[in-house]
1. Which order do the peptides 315-322, 110-117 come out in when sorted by mean C-beta neighbours inside 10 angstrom, highest first?
2. In whole Hz and in residue order, list the ³J(HN,Hα) couplings for region 407-415 that follow from phi through the Karplus curve 6.51 cos²θ - 1.76 cosθ + 1.60, θ = phi - 60°; x for Gly and Pro.
3. Over region 451-518, calculate the relative contact order: mean separation of alpha carbon pairs under 8 Å at least 6 apart, over the residue count, as a percent.
4. Cross-link partners among lysines for residue 487, C-alpha distance below 19 Å, same-chain residues fewer than 8 apart left out?
5. Please work out how much accessible surface residue 280 shows to a 1.4 Å probe, ignoring ligands, DNA and RNA, in Å² rounded to 10.
6. Keeping every protein chain in place, order 309, 80 by accessible area at 1.4 Å, biggest value first, i.e. largest first.
7. When the dipole is taken about the Cα centre of region 228-383, and only Lys, Arg (+1) and Asp, Glu (-1) are charged at their Cβ, what size is it in debye, to the nearest 20?
8. Note down the nm distance, to one decimal, between modelled labels 7 Å out along Cα→Cβ at residue 437 and at residue 328.
Amino acid sequence: MGRNTRKRRSSMANKAIAASAALALGGGGLIWANFYASAHESKNSSQNQTKAATAAAQVATISCPDVGQKLTDVPRGARSGVDRELANLDKQITEAYARLASTRQAQTNDSGFVQNAIVGPLKDKRVATIDRIRINIERSGGQAQNLGQLAACTTQGAQTNAGGGQQGGGQQGGGQQGGGDQNGGEQDGGQQDGGQDGGQQGGGGQAGNGPAAADFVDITKVRQNAQPGVGANGLRANGNSGSRGTFTSVCGTNGNDNHNTDNVIAAPGVANGAHHLHDYVGNQNNDAFASDQELAAAETSCQNQGDKSSYFWPVLRVQDGTQEFDQNNDGGGKEGNIGKILQPAQAQLKFVGNKRGKVVAMPTALRIITGDAKAFVNGNANANVNWSCTGFENKVQLEDKYPICPQGSQVVRTSNFQSCWDGKNTDSANHRTHMAFVQANGSCANGFKAIPQLQVRLVYNVPAPKLQNGQVVNPYAVDSFPENLHKPITDHNDFINFFSQNTMNKMVNCINTGKKCK
């Protein structure tokens, strides 16, 4: 049986755990906006604050090559061992980031501290882990060349800006890579309504590692940028020809608080493999240790009992100081995911067709990940993010900004999944290459087959955060790997198909004949 954690809410609201520093995304990249004095020095020491701010601004987060994305051909016999080692790499980065955030005083006194005490030792650990990955692959008859060059990590500093981004709130240059910026100058600080030395005040914060003021934009001030084909509901239309039907599965909004910090797709067999908390709807037995047989036999929250598929995504939290059930847990407060967990007001799960032709059935146990939980440090190659507000979805879609919605409007997260399948595999070594997006004309390349496209639309009642003097008060954010700083570009979504064959056949028939079914 699975070991999903059921969330128990606490009504007690307190200030978030004091963190070592507060990060902010400024106009040119990342800056440190806060510094916590040690017990041995005066909190009001302006000299120490200046030294700390200068040193801390040099390094904001740690960026390591994503080894998993490079592994496109791993023999099946090696995959379980490789997945465990990939999870070890994530754990090592998490630990190194935590050390980065907790040693600001040492960094002010030693310019080589980060390299010598954090980044260097991290590389040594990664060399050993990557070598074990190579051995696993080669023992199973595969090849793993040049993996060693992925061991070294870099630090991302205040002036880092890898390009892309949104200018003036609109999406330019393909979205955000490395954080993006806002034209018109630096956002001064990202801490909540607090001072330079007293910690994040005014209602919490993600343990000092984001989000920042520059991660938010008033959607009423963003010029229209929605792409053609995105309708008023924020979902891509599938053209005027081809397979125009739809199939909607009603599976609730996780009202039974089904959560865990695992990811059975990316890190099977590894507890806390996600390093952040997921909402689960549909299949009720999804955790890191669930087999396909267990998933197929599980209960489902879907009204149509022929849908035992698993739909899961990182939770959205508002940083109001609430101490949630996972305040002191791995993947929760221990890794900077703090604040009140918001249950979606709506969770729409819709499957649509292909504008060029008919779709074929998905295979049982097909796994799809869309978006990239590490997009802030990986770049936007696999990012797939749409943020908006009700009433604005046909006008504005944001990638690297959280929207501030006007009164009466709700926050919307939309994920449009890959809908071209290689016709053979239910998963792939990097969990991506067996799937692809349609080409611009709607066709599938390389002999891939068109399958129903899953579109997930999540709507939230979110208290609008406020921007005051370059700071954000009571922001909201998706859970993330700690080194990715809760950036909006890291939003992602996951799906595992466990429709019964009869229900899948009904879906395909509805879509191919232009019907609207449930």
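The values are calculated or read from the model by the stated rules, or taken from the named source; none is laboratory data. The structure presented is a predicted model; accordingly, all values stated were derived computationally and were not measured. Cβ coordinates were reconstructed from backbone atoms using ideal geometry, including for glycine residues, and neighbour counts include every protein chain displayed. Note: areas computed on protein heavy atoms with side chains; ligands, DNA, RNA excluded. Shrake-Rupley method; radii C 1.70, N 1.55, O 1.52, S 1.80 Å.
1. On the way: 315-322: 22.5, 110-117: 14.5.
Order by mean packing, descending: 315-322, 110-117.
2. The phi angles translate into 4, x, 10, 10, 6, 10, 10, 10, 10 Hz.
3. Details: 29 pairs, mean separation 12.1, N = 68.
Contact order relative to length: 18 percent.
4. 334, 340, 374, 401, 466
5. 0 Å²
6. Numbers: 309 0, 80 70 Å².
Descending order: 80, 309.
7. Numbers: 12 positive and 14 negative charges, 216 e Å.
The calculation lands at about 1040 debye.
8. Each label point lies 7 Å from its Cα, and together they span 4.4 nm.
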